[in-house]
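Beneath this line is the structure, given in structure tokens, with notes to follow.
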Amino acid sequence: MSSRGVVVLGMHRSGTSAAARVVNLLGVPLLAGDLLPADEANPRGYWESESLRRFDDELLEAVGGTWSRPPAAPDWSGVNGLRGRAQARFADAFVGEWLWKDPRASVTLPFWRSAFEIEPTVVLVYRDPREVAASLARRDGFSPRRSLALWERYARSGLAATTGLPAFVTGYAGLVEDPEGWAAGMSAWLRGRGFSVAEPRPGEAAAFVDAGLRRSRPLDEPLSAEQQGLWERLEALRGAHEALEPGELGPETPWAEDVLVGGELADLRARADALEAQRDDLLGSRTYRWSAPARRAAGALHRLAGRA
């Protein structure tokens, strides 16, 4: 099993897909072939494995979380059963050089490092939290406070998971504003790390990274003092690190956990209400009343009446 891999970390809606694809264009092969299809939210693709994403969801559930409410400090000691499954299922995936992107790995990377004894190279992507909040509001209907709390949880988890690892910390804005320069810098850094990457082909990164896809403008929402400090810390760490040392991160925003838990409960209630409404519509519909057996019986009666 090779440890020569690149993991792209960062909060959802932060540009991790674009960063992963540009690294892939430089010649680092994607870890798995079951890529999530592009959709309206990511028209140029997610560039992540569907099976690994499902496994990360299972990992988060095992420690009492979800992608939209990841635990602040998960205890991976109680998931030995999943560790064995991970080793059996993905032992052949980590062969040669590889590239893996999943925002959830900002939280789950410590599990993967212990399961496979890997020391990956990390590309840590961050974005203005108010832009992330605007994007989540449009895609998922999240409130600004919930989105900012989620951004904070992912950013803190990503920094903690990356501590001591070789890392390239990069803002999404820099990738969008100068994709060719970003690709050149990434290529040089990965070559210095021993990866078999090529010089960027002229115009290739710019053709993929469409500045017009940066559709979300920052929400006019104040950051907490803790979130502002974390944003400034990421800005200060921007660049290449042989072994990332983010320093003391300090406490999380006091209301963040309550907002994340309350937001998820509100979503579950809304889904339950929607299912109940669908059930009521079905029970009252002609389609339900005229079920297949009823239609067959009615047809038989019509045929008999026609013969009379």
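The values are calculated or read from the model by the stated rules, or taken from the named source; none is laboratory data. What you are looking at is a predicted structure, and each value in this text was computed from that prediction instead of being measured. Cβ sites come from the backbone with ideal geometry, for glycine too, and all protein chains shown count toward neighbours.
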(message) Within the range 91-103, does at least one residue satisfy the condition of being in a helix (DSSP H, G or I), assigned by TED's automatic domain parsing to the domain that holds Ala206 and either surrounded by fewer than 24 Cβ atoms within 10 Å (Cβ to Cβ) or touching a helix residue (DSSP H, G or I) at 6+ places or on another chain (Cβ under 7 Å) (or both)?
(response) no
(request) Kindly check whether there is at least one residue in the range 78-98 that is hydrophobic (A, V, I, L, M, F, W, C), touching a strand residue (DSSP E or B) at 6+ places or on another chain (Cβ under 8 Å) and modelled with pLDDT under 85. (result) yes
(request) Taking only the range 124-146 into account, find how many residues are crowded, with 21+ Cβ neighbours inside 10 Å and assigned to a helix (DSSP H, G or I). (result) 9
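Condition first: among the aliphatic types (A, V, I, L, M) and in a helix (DSSP H, G or I). Now tell me which residues in the range 156-180 satisfy that.
Matches in the range 156-180: Leu159, Ala160, Ala161, Ala173, Leu175, Val176.
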(request) Return the residue satisfying two criteria in turn: it lies in the range 24-71 and is assigned to a loop (DSSP other than H, G, I, E, B) and touching a Pro at 6+ places or on another chain (Cβ under 9 Å), and of such residues it is farthest from Arg146 (Cα to Cα). (result) Leu26
(request) Might you let me know whether the range 238-249 holds any residue that is of a type in the set (A, V, I, L, M, F, W, C), surrounded by 13 or more Cβ atoms within 10 Å (Cβ to Cβ) and under 30 Å from Pro43 (Cα atoms)? (result) yes
(message) Checking Glu235 against (1) over 20 Å from Ser135 (Cα atoms); (2) out of contact with any strand residue (DSSP E or B) (no Cβ under 9 Å at 6 or more places or on another chain); (3) among the acidic types (Asp, Glu), only one condition comes out false. Which one?
(response) (2)
